[in-house]
Amino acid sequence: GLLYQEYRDKSTREEIETRRLQDSQTDAEETSPSEETPSEAEPTSTNENKAPPQINLLRNSNSRFNLWQDLPEVQNSGVLSILQPDEIKLQEAMFELVTSEASYYKSLNLLVSHFMENERLKKILHQSEAHILFSNVLDVMAVSERFLLDLEQRVEENIVISDVCDIVYQHTVNHFSVYITYVSNQTYQERAYKQLLQDKPAFREVISQLELDPKCKGLSFSSFLILPFQRITRLKLLVQNILKKVEEKSDRESTALDAHKELETVVKACNEGVRKMSRTEQMISIQKKLEFKIKSVPIISHSRWLLKQGELQQMNGPKTSRTLRTKKLFREIYLFLFNDLLVICRQIPGDKYQVFDSAPRGLLRVEELEDQGQSLANVFILRLLENADDREASYMLKASSQSEMKRWMISLAPNRRTKFVSFTSRLVDCPQIQCVHPYVAQQPDELSLELADVLNILDKTDDGWIFGERLHDQERGWFPSSMGEEILNPKIRAQNLKECFRVHKSDDSQRRKLGSRNRQ
């Protein structure tokens with residue numbers, strides 16, 4: 001059988017290839033017959049009820065990465081000649097959710113039995129170290145097992161699956177809070193793991209030996225630790241996939257929307273938990289580095305976080321002519337941009353920064369200078385409508401590249417119009433890109449990408465960066481253009497947008513209701 005890491009990689013690769021095939025076709029209707037991502041499955045008989053269902057799924061040595069329609073029970077039943085193609089696609093989408101949970105449970109079980117319960121590892125790790133490293137993984141595994149049992153019971157009720165989103169909804173509401181606990185511990189977990197590798201050679205040796213075991217199939221220990229976060233995010237996408245295929249205004253659509261809404265709440269809480277842990281430490285670190293030449297501003301706040309920091313070149317002298325094009329015109333300044341505040345500094349010895357101006361983020365305006373010659377390339381004007389001295393101030397700033405200039409301008413003034421309008425404007429067409437290489441964000445204004453993510457392109461630079469908005473969660477950020485392939489077929493782009501609007505239509509109606517209440 002496949003471990004979840006293998007399943008997930010194969011599934012997303014298949015998704016990418018399917019979308020490539022669709023994009024290469026001139027008619028969006030002529031899609032591949034196997035539009036759905038293949039799934040891991042075991043051909044279990046409906047009368048095998050003596051053992052718990054997950055035992056059959058996880059321990060059957062003949063397990064394969066199959067489609068629902070490839071199961072012998074399905075093929076022998078004759079239902080494939082009766083069901084409409086759209087219903088078969090829906091069956092595949094629901095079946096993938098079940099089989100992927102089985103694969104996930106198998107990987108969790110390996111994390112616990114092979115790593116966590118290893119006797120040599122237990123002797124090396126202090127109880128507190130083991131707690132930070134493995135957190136509440138036993139609770140997560142117990143929740144996955146209950147979830148899988150209910151899903152498999154539904155599959156065994158009938159060869160044609162009636163629904164799975166009602167089960168997803170019930171488990172998300174009643175049990176999935178264990179994911180928030182696990183994922184929120186991620187920052188401490190990663191740090192503890194790195195520290196143990198560095199400080200305890202015995203730990204490093206045991207982990208290396210355990211990773212070499214054929215059971216792990218060449219996968220690292222850390223790939224098992226991040227499973228819960230990957231799974232809760234993927235589960236939301238699998239429900240989205242079902243939602244795109246159920247009949248509109250049906251009970252199954254209503255159930256899928258409810259399940260998706262609850263999963264989105266859990267995913268957001270997980271993300272917020274991770275961010276909160278790392279942001280607090282980051283704010284404390286920044287506070288220690290700042291020395292105020294002006295009236296001091298308290299930096300640390302529960303509602304404040306860093307958006308971007310870095311060095312820019314400031315043009316010297318407010319009355320300096322723009323025609324004086326020498327390098328000496330510019331001097332280094334350093335900016336810390338928070339979600340509600342801009343702090344402008346100069347770096348001083350001792351890894352410190354002297355603050356000489358600041359302004360609320362809402363009172364910032366930017367303007368790009370164009371066709372100003374080589375020395376003024378990548379230059380923009382930053383205006384503080386009300387600075388630390390309660391007056392308006394302007395800075396002419398030069399970035400190191402076009403992408404860096406655009407990144408600063410978008411971060412400083414987020415409501416400024418981008419080159420391409422976002423999908424939220426309900427634009428008929430918009431440039432889109434599919435992620436074909438995963439990317440981990442290196443800066444706060446960047447966006448981490450998973451394989452097969454689809455994004456609207458809001459802006460792009462000549463030096464290889466894209467500012468995008470991911471369709472499935474509307475998260476925005478920069479990433480290298482080499483991470484993706486542009487979707488060229490306008491019909492496929494329109495289809496992606498249509499599906500996105502449908503998935504989020506419950507969010508839209510809630511926003512409209514909220515807006516109506518606010519107006520009243």
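The values are calculated or read from the model by the stated rules, or taken from the named source; none is laboratory data. Predicted model, so just to flag it, every value in this text is computed and none were measured. All Cβ positions, glycine included, derive from the backbone under ideal geometry; neighbour counts span all protein chains shown. Accessible surface areas use protein heavy atoms only, side chains included; no ligands, DNA or RNA. Shrake-Rupley method; radii C 1.70, N 1.55, O 1.52, S 1.80 Å.
For this structure, a couple of remarks:
- Given (1) open to solvent by 50 Å² or more (accessible area, probe 1.4 Å); (2) in contact with a helix residue (DSSP H, G or I) (Cβ under 6 Å, 6 or more places away or on another chain), number of the condition Glu117 does not satisfy: (2)
- Of the residues contained in the range 236-255, none is found to be open to solvent by 10 Å² or more (accessible area, probe 1.4 Å) and farther than 20 Å from Glu87 by Cα.
- Screening Ser162 against (1) surrounded by fewer than 16 Cβ atoms within 10 Å (Cβ to Cβ); (2) in contact (Cβ under 8 Å) with a residue 24 or more places away in the chain leaves a single unmet condition, (2).
- Scanning the range 291-301 for residues that are touching a residue at least 24 places away in the same chain (Cβ under 8 Å), aliphatic (A, V, I, L, M) and surrounded by fewer than 17 Cβ atoms within 10 Å (Cβ to Cβ) yields Ile294, Val297.
- Cβ pairs under 7 Å, 6+ apart, first in the range 175-187 and more than 9 Å from Val274 (Cα to Cα), second open to solvent by 50 Å² or more (accessible area, probe 1.4 Å) and part of a helix (DSSP H, G or I): His175/Arg146; Val178/Asp139
- Any hit, the range 99-109, residues being of a type in the set (Phe, Trp, Tyr) and either modelled with pLDDT under 50 or outside the structural domain of Arg252 (by the TED database) (or both): no
- Qualifying residue in the range 126-135 (condition: open to solvent by 20 Å² or more (accessible area, probe 1.4 Å), under 25 Å from the mean Cα position of the chain (by Cα) and not hydrophobic (A, V, I, L, M, F, W, C)): yes
- Only a single criterion out of (1) at pLDDT 95 or above; (2) more than 18 Å from Leu290 (Cβ to Cβ) is not satisfied by Asp357, namely (2).
- Among the residues of the range 227-255, the ones that are hydrophobic (A, V, I, L, M, F, W, C) and more than 27 Å from Glu6 (Cα to Cα) come to 1 in all.
- Taken as a whole, the structure places Glu73 among residues that are at pLDDT 50 or above, among the charged types (D, E, K, R) and not in a loop (DSSP other than H, G, I, E, B).
- Filter result for Val183 (among the β-branched types (Val, Ile, Thr), more than 22 Å from Tyr104 (Cβ to Cβ) and in contact with a helix residue (DSSP H, G or I) (Cβ under 7 Å, 6 or more places away or on another chain)): no
- Filter result for Leu237 (at pLDDT below 95, closer than 30 Å to Asn185 by Cα and under 20 Å from the mean Cα position of the chain (by Cα)): yes
- Lone unmet requirement of (1) modelled with pLDDT of 50 or more; (2) open to solvent by less than 20 Å² (accessible area, probe 1.4 Å); (3) closer than 20 Å to Arg154 by Cβ for Thr12: (3)
- Restricting Lys268, Lys249, Lys261, Lys288 to residues that are within 24 Å of the chain's Cα centre (by Cα) and either without any contact (Cβ under 8 Å) to a residue 24 or more places away in the chain or outside the structural domain of Pro85 (by the TED database) (or both) narrows the list to Lys268.
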